[in-house]
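See structure below.
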Amino acid sequence: MSPHDPARIEPKWQKAWDDAGVFLARRDPAKPKYYVLEMFPYPSGRIHMGHVRNYTMGDVIARYKLACGYSVLHPMGWDAFGMPAENAAMERGASPKDWTYKNIADMRAQMKPLGLSIDWTREFATCDPDYYGQQQALFLDFLAKGLITRKNAVVNWDPVDMTVLANEQVIDGRGWRSGTEVERRELTQWFFKISDFSEELLAAIDGLDAWPEKVKLMQRNWIGKSRGLQFAFSFADAPEGFDRLEVYTTRPDTLMGASFAAISPDHPLAKRLERNDPKVAAFVAECRKTGTSEEALEKAEKIGLDTGLRVRHPFDNDWELPVYIANFVLMDYGTGAIFGCPAHDQRDLDFARKYGLGVIDAFVAAEGGQPVQDEAFVPSKTEVVRWIKTFGWDEMATGTQAIDAAIAFCESQGVGQGVTKFRLRDWGLSRQRYWGAPIPVVHCDACGVVPEKKENLPVRLPDDVSFDKPGNPLDRHPTWRDVPCPACGKPATRETDTMDTFVDSSWYFARFTAPHAATPTVLEDAAYWMNVDQYIGGIEHAILHLLYSRFFARAMHICGHLPETAIEPFDALFTQGMVTHEIYVTRDDKDRPVYHLPEDIEWTESGAKLGASGAPVEVIPSAKMSKSKKNVVDPVNIINEFGADTARWFVLSDSPPERDVEWTASGAEAAFRYLARVATLSERIAGIDPATPGDGDEDLLRAMHKTIFDVTQGIESFGFNAAIAKLYAFTNTLTKSQAGHAAQRQAMLVLAQLMSPMVPHLAEEVWAMLGGEGLIATAPWPKPDPAMLVEDTVTLPIQVNGKRRSEITVPKDMTKAEVEKLVLADEAVAKALAGSAPKKLIVVPGRIVNVVI
RNA sequence: GCCCGCGUGGUGGAACGGUAGACACAAGGGACUUAAAAUCCCUAGGCCGAAAGGCCGUGCCGGUUCGACUCCGGCCGCGGGCACCA
C-alpha cells in the first residue's frame, strides 16, 4: 500500500476543517483582512481542469494569507443565468431552472473534494431570486440616478428565432441556431450610461498598479480616446432641413486633400433622402442587410451611392465635394459623416478609384514625387508638417503635435473645434430571453415606462414557461406580463426583456461581503471586506467583465451601496493560463482529421500508434481541452485515481501560472510519487528515536530557512512553479540529511507548512504524524531567521574576460584587497595572465570576480 | 492596418546586469528482484578529447558594459488584443 492514501486522508481533513469552521470569514477589526476571489464559474454541470487550476491558485493565496494572520474572505458562487440553460430547455424540454440548479449541485459535489478553503456559507447563484431581486433594486437606483437610459440601437435580429443575437452568435451573416440571414434592426433598449465614465475609467487605469500591463492596455484601447476636429461642411445646395453637414476627423492635417464626403446609411440625412428617392431607399436597404458582426463587415464590399448633393470645402468656397452614402461609415462613431482623403488613407483611395473621384496628390506632388497610384501615402508626422506648409499654412509645431497644430489652425480660422471622442459605447443590457434577471419596469398606456416599486421586488421569473416556439417565452406567458401600473394602478404590462448576464457578474464580488442582506450590500461589511485584494481569472475577461465591474462599482458608490474606497473593486488582478493536453489525430480516407482518446494510443519506439489498428498517430501538443478533440481530462477521474493533492500540485508545478500548462499523465504520476515520497519521509522521521543525535543539523536548518524565504517569496509573487521547485530541492536535502531527530522533525514540520497551501491534506497528515499543534491550516506561517540566511563563507566565481575560469571560497566579510590578492594567486588566473598584470580587476563583494586582461 | 507580448536542452521551464540550463518530465546506465512493477543510485546543452581540459551556445544582426537570456536599435518567427473608428 502506498504510504500516501488520499482516499483516506482527504475526506478526513476536509471534515476536520469544516468542524472547526476554519474557513468561515469573520469580520475581525483586530486583524488585517484579505479578500481572495477567483472568477466564479458558469454551472455547466462539470468542473474542468481550468477550474482546478484557477481555484487552486486562489486557494494557495487564501491559505497562505490565513496562516499569515489575516482575516480571509474566500467565497464561491455561480454565474447561473444564460443561454445554455435555455438551449437545454429547447433541446430536451428541461426547465432552465431545474437544469441549472442540478448542475450547481453536481459541480459543487465535484468541487468539494478539492479541499478548497471556501466559506460555503456565503454561496449564492445569480439565478437565486434573492440575488437578482437585489440586482433589480440596483437597476432602479441606477435609473433614479440617471445612470441608465432607454434608446434605440441597431442589433442583429434573427427573424426565425425572433431574438436578438450577440455578435458571436452570427456566423457568416446567419443566426447560429436558425441558419437564417440576420437582419440589422433598430430596437428600443435599456443602456447603462458607461460612456459618461469614459474619461474616468481611462484615467483610473493608471492607478491599477497590480494589474497586468496587458489587461490595462486592452482596456485603454477599448475605451479608445481620440483627439480630433469636428467641423461642418456647408451645402452648395442645401436639402430641406439640413443646412450643414457635421463631420469628425482625427486627421485634420489631411483636410486639404479631401475629395468627397460620405454619410452613414443610418444618418438622418440618408433617412431623409430615402423618403423621396427610391434609388436611395434601395441602396440603404441593401446596406442594412449586412449584419453588424466582425465577419460580416470584413467580407462586405465597400459600396457607395452619390446623393447628388454637394458640400463646400471649408477653406475654399469654390471647391465642391460630392456627398456619398457609404456602407462603411458608422452612425455611432463621431458624427456619422466623414470626409475622404484618398491621398492619405487606403480605404478612401480605394473608394475614390472605384467611383472615379478625384485624388489630390497633396504631399507627393508638392515634394516632386510620384503621384499616388494604388497605395495611399501615409505620411509620418513630421512630413505632415511640410505638407501643411505647402498649402500656405503658417509654420507649425513638429512631430506629434502636428495634429494639435492643425486643430488649432482650423479653430483660428473658425473651422470647427477640437473635440475628444471615445470608442466606448453605452452598454446595452436588454436581452430578449427568458433565463435572466427581469428588467423591473412596467409599460403603462397612461404613464409610459414606470419603474417597479422596490417593495414588489424581486420580479420573479415564472416557472411555467414553454420553449416549444421560438422567441422569448415571457412574451407568450398568459398572465405574467399583466400587472397594475406602479404609478396609476391601471392594468399595464411588464417589460419582458431580461438583463445581459454580464450584469450579474458585475457586482457579485460586492454581494459576497453580505450575501444574505436585505439590501444589495451592507456598507459596514463592504467597507471592511472590499476591495478584492487578489482577483484571479482568465484573460478572456480582460475587457468586458472587468470594465463593467469597474463601472458598476462607481455606479454603486453613487447610489450609496459601496464606499468611495471601493470604486476600483479589484486591487490586484492575476490572469492565469489554460490547462492544455496533447491531441491525437489520424486521417480518414478523405484526409479529414479523426481524433482519438489518450487511452487508445500506444507508444512505441517509432512514435505513437493507434492501439486497435497500429496506424501512426500525429501528436499535436498543447491544445486547449475540448470534447470534440477528445483531449479532455476530467478532474473527477484524476481525484479518484490520485487524490486532490496530486491534481493541485501538478497544475501549479510545471509552468508559470500566467502561462498555459500541459497536462500529462506522466506528470500527474510523478506528482503523486513525490507526495508519496514526502509521506514516507515523514513516517521515517516520526519513527526515529527522539534521542538520536546526528550530523549536519546546522546545514539542514540553514537550508530550511533559505527554503522558507524562497517559498514565501514564490507565493507572494505568483511564482508557484518556482516555489515548488524549491520544495523539491529541500525535500531532497532533507531525505539525504544525517541530522539529528530534533532538526529533522523541525525541518519536516516546516516542509509540511510550506507545502500546505498547495497540498493541504497531505500537509495536515504529516503535521499530525509529527505531533504538530492543532491544525496546520491555522498554524502561523514560518518566518526565516535572517541570521540563518547569511553564510559565513562565500564561493566567488572567477571570470577572466567575462568567462568563468575558476572559483575561490572566502570568508564573507573579506576585504576587496585581500580577495584581489587571492585571485591573482589563483592558478588559472596566473596561467591566463602569464606574468603580466591585469588591465582591470573587478570584485563584486559576495558575487563575482572578473579579471580583465 | 494599428497596438502589445514572447522566442533558453528531447520537453515544461529556472536564472536582483554577475557560475546559463535550478526543479521536474521524458531518456540512458546501474542496484535490488527468478522476472516485472515499485523504490533507490548515477549520467545527461552541443562539438572535440581516454581524461584533464578546450571551443561553441539563450531566434538572427549590431550596440552599451569589466560582464548581456536580462538593457538599447534593427530584422525574422510565433502568439494575443483591437479594427470599415474617419
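Quick notes on this structure:
- Considering A:Gly436, A:Gly418, A:Gly428, A:Gly471, the condition of being in contact with a strand residue (DSSP E or B) (Cβ under 9 Å, 6 or more places away or on another chain), closer than 30 Å to A:His313 by Cβ and among the small types (Gly, Ala, Ser) is satisfied by A:Gly418 alone.
- Within segment A:675-685, being open to solvent by 20 Å² or more (accessible area, probe 1.4 Å) and either within 8 Å of RNA strand B (Cβ to nearest atom) or part of a strand (DSSP E or B) (or both) holds for A:Arg677, A:Thr680.
- Qualifying residue in segment A:179-195 (condition: assigned to a helix (DSSP H, G or I) and either open to solvent by 70 Å² or more (accessible area, probe 1.4 Å) or modelled with pLDDT of 80 or more (or both)): yes
- Qualifying residue in segment A:49-67 (condition: more than 28 Å from A:Asn631 (Cα to Cα), touching a residue at least 60 places away in the same chain (Cβ under 8 Å) and not in a helix (DSSP H, G or I)): no
- Residues of segment A:798-824 satisfying the condition of being surrounded by fewer than 11 Cβ atoms within 10 Å (Cβ to Cβ) and over 27 Å from A:Ala703 (Cα atoms): A:Gly802, A:Lys803, A:Ala817
- A:Gly257 vs. criteria open to solvent by 10 Å² or more (accessible area, probe 1.4 Å) and in contact with a helix residue (DSSP H, G or I) (Cβ under 8 Å, 6 or more places away or on another chain): no
- Given (1) open to solvent by less than 20 Å² (accessible area, probe 1.4 Å); (2) under 27 Å from the mean Cα position of the chain (by Cα); (3) closer than 26 Å to A:Thr521 by Cα, index of the condition A:Ala137 fails: (2)
- Residue list for segment A:640-671, restricted to those being away from RNA strand B (no atom under 12 Å from the Cβ) and not acidic (Asp, Glu): A:Asn640, A:Phe642, A:Gly643, A:Ala644, A:Thr646, A:Ala647, A:Arg648
- Applying the set (1) more than 10 Å from RNA strand B (Cβ to nearest atom); (2) over 30 Å from A:Trp17 (Cβ atoms); (3) open to solvent by 40 Å² or more (accessible area, probe 1.4 Å) to A:Thr795 leaves exactly one unmet item: (1).
- For segment A:417-449, the tally of residues that are among the hydrophobic types (A, V, I, L, M, F, W, C) and closer than 17 Å to A:Phe192 by Cα stands at 8.
- Total residues in segment A:488-528 satisfying the condition of being among the β-branched types (Val, Ile, Thr) and either touching a Gly at 6+ places or on another chain (Cβ under 9 Å) or surrounded by fewer than 19 Cβ atoms within 10 Å (Cβ to Cβ) (or both): the figure is 6.
- Scanning segment A:825-841 for residues that are open to solvent by less than 70 Å² (accessible area, probe 1.4 Å) and either within 11 Å of RNA strand B (Cβ to nearest atom) or not hydroxyl-bearing (Ser, Thr, Tyr) (or both) turns up A:Asp826, A:Ala828, A:Val829, A:Ala830, A:Ala832, A:Leu833, A:Pro838, A:Leu841.
Every residue, every condition in (1) closer than 30 Å to A:Ile303 by Cα; (2) modelled with pLDDT of 85 or more; (3) within 14 Å of RNA strand B (Cβ to nearest atom); (4) open to solvent by 30 Å² or more (accessible area, probe 1.4 Å), yes or no:
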{"site": "A:Leu321", "(1), (2), (3), (4)": "yes, yes, yes, no"}
{"site": "A:Ile325", "(1), (2), (3), (4)": "yes, yes, yes, no"}
{"site": "A:Asp361", "(1), (2), (3), (4)": "yes, no, no, yes"}
{"site": "A:Gln370", "(1), (2), (3), (4)": "yes, no, no, yes"}
{"site": "A:Gln373", "(1), (2), (3), (4)": "yes, no, no, yes"}
{"site": "A:Val385", "(1), (2), (3), (4)": "no, no, no, no"}
{"site": "A:Lys389", "(1), (2), (3), (4)": "no, no, no, yes"}
{"site": "A:Asp394", "(1), (2), (3), (4)": "no, no, no, yes"}
{"site": "A:Asp404", "(1), (2), (3), (4)": "no, no, no, yes"}
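- Evaluation of A:Tyr595 against (1) out of contact with any helix residue (DSSP H, G or I) (no Cβ under 7 Å at 6 or more places or on another chain); (2) at pLDDT below 95; (3) among the aromatic types (Phe, Trp, Tyr) (one fails), failing number: (1)
- Residue within segment A:261-273 that is within 8 Å of RNA strand B (Cβ to nearest atom), surrounded by fewer than 19 Cβ atoms within 10 Å (Cβ to Cβ) and of a type outside the set (D, E, K, R) present: no
- Residue list for segment A:534-547, restricted to those being open to solvent by less than 30 Å² (accessible area, probe 1.4 Å) and either part of a loop (DSSP other than H, G, I, E, B) or within 16 Å of RNA strand B (Cβ to nearest atom) (or both): A:Gly537, A:Gly538, A:Ala542, A:His545, A:Leu546, A:Leu547
- Restricting the first member to segment A:802-824 and to residues that are in a strand (DSSP E or B), and the second to residues that are within 14 Å of RNA strand B (Cβ to nearest atom) and open to solvent by 90 Å² or more (accessible area, probe 1.4 Å), the beta-carbon pairs closer than 9 Å and six or more apart or on different chains are A:Arg805/A:Lys831; A:Ser806/A:Glu827.
- The helices (runs of 4 or more DSSP H) located wholly in segment A:445-520 that include 2 or more residues which are aromatic (Phe, Trp, Tyr) occupy A:508-511.
- Hits in segment A:203-226 - residues which are open to solvent by 30 Å² or more (accessible area, probe 1.4 Å), more than 10 Å from RNA strand B (Cβ to nearest atom) and either of a type in the set (D, E, K, R) or free of Cβ contacts under 8 Å to residues at least 24 places away in the same chain (or both): A:Ala203, A:Asp206, A:Asp209, A:Lys225
- Single residue of A:Pro379, A:Pro342 found to be crowded, with 19+ Cβ neighbours inside 10 Å, within 16 Å of RNA strand B (Cβ to nearest atom) and modelled with pLDDT under 50: A:Pro379
- Check on A:Glu669, surrounded by fewer than 16 Cβ atoms within 10 Å (Cβ to Cβ) and closer than 30 Å to A:His51 by Cβ: yes
- When the strands (runs of 3 or more DSSP E) confined to segment A:567-674 are screened for residues that are touching a residue at least 24 places away in the same chain (Cβ under 8 Å) and of a type in the set (Val, Ile, Thr), those reaching at least 2 such residues are found at A:579-587, A:618-624.
- Pairs, first farther than 22 Å from A:Trp319 by Cα and outside any loop (DSSP other than H, G, I, E, B) in segment A:330-358, second more than 7 Å from RNA strand B (Cβ to nearest atom) and modelled with pLDDT under 80, C-beta under 8 Å, six or more apart: A:Gln346/A:Glu375; A:Gln346/A:Ala376; A:Gln346/A:Val378
- Qualifying positions in segment A:86-133 - open to solvent by less than 40 Å² (accessible area, probe 1.4 Å), touching a helix residue (DSSP H, G or I) at 6+ places or on another chain (Cβ under 7 Å), within 30 Å of A:Gly21 (Cα to Cα) and assigned to a helix (DSSP H, G or I): A:Thr100, A:Gln110, A:Leu114, A:Tyr131
- Of the residues making up segment A:712-733, those that are in a helix (DSSP H, G or I), surrounded by fewer than 20 Cβ atoms within 10 Å (Cβ to Cβ) and near RNA strand B (Cβ under 7 Å from one of its atoms) are A:Asn721, A:Ala722, A:Ala725, A:Tyr728, A:Ala729, A:Asn732.
The values are calculated or read from the model by the stated rules, or taken from the named source; none is laboratory data. Note that this is a predicted model, so its numbers are computed, not measured. Neighbour counts are summed over all protein chains in view; Cβ atoms, including those assigned to glycine, are modelled from backbone coordinates with ideal geometry. Side chains included, ligands, DNA and RNA excluded: accessible areas come from the protein's heavy atoms. Shrake-Rupley method; radii C 1.70, N 1.55, O 1.52, S 1.80 Å.
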